[in-house]
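Nothing in this text is a laboratory measurement; each read-out follows from the coordinates by a stated rule. Remember, predicted model here, so these are calculated numbers, not experimental data. Glycine gets a Cβ as well: all are built from the backbone with ideal geometry, and neighbour counts include every protein chain shown.
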Amino acid sequence: MSQSITAHGGALGVQAPRVVVLGGTGFVGRYLTRALVAAGYAVTIPTRHSARHRDMQLWRGVRLVDGSAPAASDWATPRAAAPLSAVMAGHAVLVNLVGILNERGHDGRGFAAAHVRFTQQALTAAHEAGIPRYLHMSALQADAERGTSFYLRSKGAAEDWAHAFGAAQGIAVTSFRPSVIFGAEDAFLNRFARLAALMPGIFPLACAEARFAPVFVGDVASVMVRAIRDQNSVGQRLDLCGPTQYSLRALVAYAAAAAGHPRWVIGLPDWAARLQARLLERVPGQPFTRDNFASLQIPSVCPPGCAPQPTTLESVAPGYLRAR
Ligand SMILES: NC(=O)c1ccc[n+]([C@@H]2O[C@H](COP(=O)([O-])OP(=O)(O)OC[C@H]3O[C@@H](n4cnc5c(N)ncnc54)[C@H](OP(=O)(O)O)[C@@H]3O)[C@@H](O)[C@H]2O)c1
């Protein structure tokens, strides 16, 4: 790769480079932000809800920037493009972590807006601002064509677009494709631990045999920070898995027991899982949807030969699940 990754005013490392992290207030974003600051970067985080993340205003090396007002909160609209490029001016790196697991409707348009359109607007704005380096958060098994769900297809389409745009415009792009991510504030093990507490002895579970290789959020953040300066990662799509594969059934039983609510996990047949999804996608917070069901039809594990990230679930999760 002949293209050099440079910051405004010189090579990375000559001065504290500035990084924009879209989605920096979320679960992964908070870990990544800490890791970036520890590595000497100054971090700017545009957010739709700065008041909700007031604690981050106090973080050293971090600048929270107000996005649009809540009524215009979705940046996947043309009107937000201009402010975004203004925010990006003077930065060396753009990281895009924006992503949703559920959409309001059921036709994929919400996913297309949050993943594809938002990526297009963000990267176009980055190009206008002269940002030479882009890190894109995708997901394992994301595939624009063969993805089993709107989520996975839209993630794949966004990732493809980012790589194509980067290659055409001279922006150095790396994408990251994690399996499910665990860590103290995760929405995965914590959710099952919370649900287990509400279940009377048994835990009826959809897609119980679905497979995952959970990866620690701290490992994901480290890989991303290292990639910024790693020329070899430019143009790469990096699958990220933890060291062990589990069935969803095993993970739910583990989370329930570790949180002090051991439950007997009963796998639902597919017809019942689909029915459960139809019902639960109408519940506030959409704990399970038909699109989630579709995502779970393909194992979220890395292909053979892919080096796993080091941190085990068992060395981290009991600490935060027990503390619930
Ligand atoms: N967590 C996992 O297990 C996992 C696994 C594989 C891939 N990923 C991917 O990793 C990324 C980060 O995941 P996460 O778990 O950290 O998610 P998260 O906690 O939900 O954070 C996502 C952040 O994105 C911003 N955001 C959401 N929708 C937006 C929209 N329509 N327009 C603008 N900003 C929006 C939000 O920031 P503000 O509210 O401050 O604007 C939010 O804090 C996502 O792309 C996700 O698909 C996650």
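For the pair L58 and R278 in one chain, pulling the backbone fully straight at 0.36 nm per residue adds 75.0 nm over the alpha carbon distance.
Loop-located trypsin sites (Lys or Arg not before Pro) in segment 11-62 (DSSP state not H, G, I, E or B) with no more than 15 neighbouring Cβ atoms inside 10 Å: R60. For the modelled label position 7 Å from the Cα of R229 along Cα-to-Cβ, which residues of segment 17-37 have backbone nitrogen atoms closer than 20 Å? It comes to 17-21, 32-37, nothing else.
Mind pulling the angle between the C-alpha long axis of helix 248-258 and the longest principal axis of the chain? Nearest 10 degrees, somewhere in 0 to 90. Roughly 80 degrees, rounded to the nearest 10.
Cysteines of the chain lacking any other cysteine Cβ under 4.7 Å from their own Cβ: C207.
Across the chain, the mean sequence separation of Cα contacts (distance under 8 Å, 6 or more residues apart), normalised by length, yields a relative contact order of 17 percent. Near G285: Cβ cut-off under 15 Å, other residues only, Lys/Arg at +1 and Asp/Glu at -1. The net charge is +1. Taking the longest Cα principal axis of the chain as reference, the axis of helix 189-198 is set at about 30 degrees. In this structure the amide hydrogen of R63, modeled in the peptide plane, comes within under 5 Å of the amide hydrogens of V43, T44, I45, none closer than 5 places in sequence on its chain.
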